[in-house]
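Taking it in order: structure first as structure tokens, then the write-up.
Any read-out appearing in this document is the output of simple, stated calculations on the displayed coordinates, not a laboratory observation. Worth saying up front: this structure is predicted, and the values here are computed from it rather than measured. Cβ sites come from the backbone with ideal geometry, for glycine too, and all protein chains shown count toward neighbours.
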Amino acid sequence: MRIAVIPGDGIGPEVVHAALPALDLLNHELGLGLSYDVFGWGADEWLATGVGLPEGALDMLRSEYTAVFLGALGDPRVPDMAHGREILLGLRRGLDLYVNHRPNQLPDGLVDIYRENTQGLYVGVGGTVPQGGGVGVAVDQCVYTRQTVENFVRYCLDRIAAQGGRKVTLVHKANAVPHTGRLWQEVFREELSRHPGLTGTDEYVDAFCYHFVRTPMRYEAVLAPNLFGDIISDIGAALMGGLGLAASASICPETGFGLFEPVHGSAPDIAGTHRANPYAAVMTLVLLLDHLGHRAAAAALRDSLDQAARTDATTPDLGGNGSTEEFMVAVLDRLPMAI
Ligand code: NAI
Ligand code: MG
């Protein structure tokens, strides 16, 4: 099993290179048979060559790799984030990674958010009509195909049911955005009927935000179209205690290919200061190991990460005095090697 590592920009390389020794250790001790190659795609390469995602990259990833571990993209020298869009959206769309999963480990329990990751308002259908040197009219269309909604909802419900889940909430805005809203509601009802063990409810996204902030444990698993999912998963990250903690997996259920990345960006404000929290990057590796079927390794890494997070080796964003590297020493020290 080969993993493509894309450290990216800013704190991306810092947290990725801090987290990888944990993977090396588990791989070596448990004989997981993993190997990885590091790719320097990001702002430096873009500025030097004008290339974000190199020609043939998608085919190479498809044929030679099982997963991508990505740090973050974004650099003040590329103000419009053109390289980031080319690489990130290129990977998400090109590899059809239509399920984005973000587990939100909250103080009282876990809330899983599943976001459709390829269509909706992010399809790039639209345009502008100029007016006086600026924009007079702007259109971004929200597009969903039944096939994508069905595949997404089916995969999520099967997975939630297989994990013993009982309650699923669909987030939408069918009162104001009726066409795609109706498609989502229809498919959700159809797919739920195959899972007698699951109770489904649906909520308007604004009401959901209100309840999610006040009483997050009302929810167990949440399904959302692209834009709503993007927004509510950042609320999830805030409820968890900050961007430094949140991890995500983008998966194509048909091929099994996965892109694993922390939710945070490249944090240029703290890059180079050794204050980047590697928790989210390590948690990303937990999701990656789990996805590859290395359950024991994932659980061990997760335990040591959570133990380390209860020490004062945490980084400043969590109130500790530790550096990125010191926190990782605390994690590695706690990895039990005789699993
Ligand atoms: P950001 O997530 O990089 O930073 C937001 C705030 O959270 C900053 O104050 C930062 O210092 C802090 N923060 C983030 N991660 C942290 C960590 N691991 N440890 C400690 N503090 C952390 O979001 P921002 O500032 O909006 O974006 C910066 C750049 O990253 C932009 O170029 C943006 O486009 C890009 N970006 C990339 C993403 C990706 O690659 N998936 C996601 C979000 C933003
Ligand atoms: Mg987002």
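A few points about this structure:
- Computed from backbone phi with θ = phi - 60° and the Karplus coefficients 6.51, -1.76 and 1.60, the 3J(HN,Hα) list for the stretch 193-198 is 5, 7, 10, x, x, 9 Hz; x is used for glycine and proline.
- With Rh defined as the Kirkwood radius, the inverse of the mean 1/r over Cα pairs, the Rg/Rh of the chain is 0.96.
- Sum of side-chain charges, ASN151 neighbourhood, beta-carbon under 12 Å (Lys, Arg +1; Asp, Glu -1): -4
- The relative contact order of the chain, computed from alpha carbon pairs under 8 Å that lie at least 6 residues apart in sequence, is 21 percent.
- Residues considered: HIS291, HIS28, HIS101. Largest GNM mean-square fluctuation over the chain, using C-alpha springs under 10 Å, is found at HIS28.
- Between ILE160, ILE232, ILE270, the residue with the greatest mean-square fluctuation in the GNM of the chain (Cα pairs under 10 Å linked by springs) is ILE270.
- Projecting label points 7 angstrom from Cα along Cα→Cβ for MET1 and GLN307 puts them 2.3 nm apart.
- Largest-first principal axis extents of the Cα set of the stretch 261-303 (Å): 36, 16, 11
- Debye log10 I(q)/I(0) at q = 0.11, 0.19, 0.21 Å⁻¹ for the stretch 40-177, Cα point scatterers: -0.61, -1.28, -1.33
- Between ALA276, ALA162, ALA296, the Gaussian network model of the chain with springs among Cα atoms under 10 angstrom shows the greatest mean-square fluctuation at ALA162.
- Cα point-scatterer Debye curve for the stretch 104-240, base-10 log of I(q)/I(0) at q = 0.09, 0.10, 0.11 Å⁻¹: -0.30, -0.36, -0.43
- Full extension of the chain between ILE235 and LEU106 gives 45.3 nm of extra length, using 0.36 nm per residue less the Cα-Cα distance.
- Radius 13 Å from Cβ of ALA267, net charge of other residues (Lys, Arg +1; Asp, Glu -1): -4
- Between VAL129 and TYR210, the FRET efficiency estimated from the beta carbon spacing at R0 = 45 angstrom works out to 0.80.
- Amide H within-cut-off set for LEU106, under 5 Å, with H built and near neighbours excluded: VAL111
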